[in-house]
Amino acid sequence: MSTLFDEPIYLTDGGMETTFIYHDGIDLPDFAAFTVLASERGREALGAYYDAYLSVAEAHRLPIVLDTPTWRASTGWGARLGYSVDQLADANRESVAFLREACAARDVSAIVSGAIGPRGDGYVAGETMSTEEARSYHTPQIEALASAGVDLVSAITMTYAEEAAGIALAAAGVGVPVAVSFTVETDGRVPSGQALGAAIAQVDSETGSAPVHYMVNCAHPSHFGHVLADTPPGRLRGVRVNASSKSHAELDESDELDMGEPFELAEDVAGLRGRGANLTVFGGCCGTDHRHIDALAAAIRR
């Protein structure tokens with residue numbers, strides 16, 4: 001395991017995009033959070049977002065993994081939003097610099113993670129790529145993030161194994177550590193229909209176990225707790241949970257933010273420990289904010 005993750009507990013941030021949209025009233029075209037860098041209001045919101053999580057980590061004296069706002073800052077999404085190749089690379093690098101500056105002002109051990117999202121929908125496998133196609137597609141973003149000095153790149157909300165493997169190979173080629181996070185449906189399977197354990201094993205097989213570890217994100221603990229024991233030993237080490245227990249389809253149709261109940265969610269996450277995976281990284285995804293992570297930190301430490 002990478003020395004990046006040699007502590008027994010790490011926190012992460014929560015649902016960046018849902019925070020901007022529902023709490024800050026900021027429009028995110030195509031759910032692309034990196035666009036907030038283009039306005040003073042957006043930059044203030046991003047600074048406040050990071051500050052809230054750094055305060056949680058500081059209060060609990062725990063290290064934290066913080067993502068750049070670049071989940072939708074890959075070539076295809078950037079083109080849809082009118083960004084040239086050079087402008088998109090600049091946005092990725094600026095995202096890293098912004099996060100570095102936020103972390104430098106606080107007495108917190110922070111890992112700067114360059115977030116990489118799927119080429120397609122984050123909930124549906126849809127049109128898929130081969131592993132080599134995915135490697136080629138994601139390499140430019142990973143190169144930009146690495147050149148800006150990220151500690152880690154994180155493939156977030158992966159819906160099928162080949163894209164995850166392509167990202168892992170691209171990161172290995174650039175020489176930057178990579179973590180891979182799959183999302184799952186309410187039955188614990190990734191959106192492609194593959195079992196979570198099988199998806200992890202496939203990526204490891206295709207990449208020579210390149211990822212430092214795997215995670216599950218954008219799902220409620222009730223959706224995947226029962227499959228943790230079926231994953232390859234020692235490889236699944238983190239969770240970033242949704243506040244809501246609704247399915248992906250139900251969330252897509254919802255016009256309101258389902259924040260769940262932070263303390264109940266925290267207990268559910270704490271209850272995942274000892275169920276077959278050596279979990280050390282804990283955080284949130286859609287619908288969660290710093291209050292959920294604060295409650296989660298307290299529950300995990302208990």
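The values are calculated or read from the model by the stated rules, or taken from the named source; none is laboratory data. Note that the coordinates shown come from a computational prediction; the quantities given were computed from them, not determined experimentally. Using ideal geometry, Cβ is built from the backbone for each residue, glycine included, and neighbour counts are taken over all protein chains shown.
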- Note on the structure: Picked from the stretch 262-302 (must be β-branched (V, I, T) and not in a loop (DSSP other than H, G, I, E, B)), the residue nearest to the chain's Cα centre (by Cα) is V281
- Message: Every residue in the stretch 22-79 that is surrounded by fewer than 18 Cβ atoms within 10 Å (Cβ to Cβ), part of a loop (DSSP other than H, G, I, E, B) and either of a type in the set (S, T, N, Q) or in contact (Cβ under 8 Å) with a residue 60 or more places away in the chain (or both), please.
- Response: S39
- Query: Only one of A198, A210, A229, A249 is over 18 Å from the mean Cα position of the chain (by Cα), more than 21 Å from G122 (Cα to Cα) and either at pLDDT below 95 or of a type in the set (G, A, S) (or both); which?
  - Reply: A229
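Within the stretch 193-213, identify whether any single residue is of a type in the set (G, A, S), out of contact with any Asp or Glu (no Cβ under 6 Å at 6 or more places or on another chain) and under 23 Å from F20 (Cβ atoms), and answer yes or no. Break it down stepwise before answering.
Kept after step one, since they are of a type in the set (G, A, S), are these residues of the stretch 193-213: 193, 195, 197-199, 201, 205, 208-210.
Subset that is out of contact with any Asp or Glu (no Cβ under 6 Å at 6 or more places or on another chain): 193, 195, 198-199, 201, 205, 208-210.
Then drop every residue that is not under 23 Å from F20 (Cβ atoms), which leaves none.
No.
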- Query: What residue, among those in the stretch 1-21 that are in contact with a helix residue (DSSP H, G or I) (Cβ under 7 Å, 6 or more places away or on another chain) and free of Cβ contacts under 8 Å to residues at least 60 places away in the same chain, is surrounded by the most Cβ atoms within 10 Å (Cβ to Cβ)?
  - Reply: M16
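Residues checked against (1) buried (at least 17 other Cβ atoms within 10 Å of the Cβ); (2) of a type in the set (A, V, I, L, M, F, W, C); (3) in contact with an Asp or Glu (Cβ under 6 Å, 6 or more places away or on another chain); (4) assigned to a loop (DSSP other than H, G, I, E, B):
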| residue | (1), (2), (3), (4) |
| --- | --- |
| Y123 | yes, no, no, yes |
| E133 | no, no, no, no |
| Q141 | yes, no, no, no |
| A146 | yes, yes, no, no |
| G149 | no, no, no, yes |
| A155 | yes, yes, no, no |
- Message: I'm checking my understanding of the structure. Among residues of the stretch 255-270 that are closer than 14 Å to F282 by Cα and not hydrophobic (A, V, I, L, M, F, W, C), which one is surrounded by the most Cβ atoms within 10 Å (Cβ to Cβ)?
- Response: P262
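Within the stretch 212-261, can you find the residues that are in a strand (DSSP E or B) and among the aliphatic types (A, V, I, L, M)?
Looking only at the stretch 212-261, we keep the residues that are in a strand (DSSP E or B), and these are 213-219, 236-241.
Within the stretch 212-261, M215, V216, A219, L236, V239, V241 qualify.
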- Query: When you go through (1) under 19 Å from L28 (Cβ atoms); (2) modelled with pLDDT under 95; (3) not charged (D, E, K, R) one by one for A125, which number turns out not to apply?
  - Reply: (1)
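Among the candidates V227, V178, single out the residue that is aliphatic (A, V, I, L, M), over 15 Å from A277 (Cβ atoms) and either touching a strand residue (DSSP E or B) at 6+ places or on another chain (Cβ under 9 Å) or surrounded by 24 or more Cβ atoms within 10 Å (Cβ to Cβ) (or both).
Numbers: V227 fails: over 15 Å from A277 (Cβ atoms).
On inspection, the qualifying residue turns out to be V178.
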- Message: Among the residues of the stretch 142-160, are any at pLDDT 95 or above and in contact with a Lys or Arg (Cβ under 6 Å, 6 or more places away or on another chain)?
- Response: yes
- Query: With D204, D230, D187 as the choices, which residue is charged (D, E, K, R) and within 22 Å of Y10 (Cβ to Cβ)?
  - Reply: D204
- Message: List pairs: first residue in the stretch 149-160 and in contact (Cβ under 8 Å) with a residue 12 or more places away in the chain, second residue of a type in the set (K, R) and surrounded by 24 or more Cβ atoms within 10 Å (Cβ to Cβ) anywhere in the structure, Cβ distance under 9 angstrom, at least six positions apart or on different chains.
- Response: I156/R240
- Criterion violated by R106 - all others in (1) surrounded by 14 or more Cβ atoms within 10 Å (Cβ to Cβ); (2) over 23 Å from Y49 (Cα atoms); (3) more than 20 Å from the chain's Cα centre (by Cα) satisfied: (2)
- Filter the stretch 137-148 down to the residues that are touching a residue at least 60 places away in the same chain (Cβ under 8 Å) and over 27 Å from E185 (Cβ atoms), then identify the one that is farthest from the chain's Cα centre (by Cα). P140
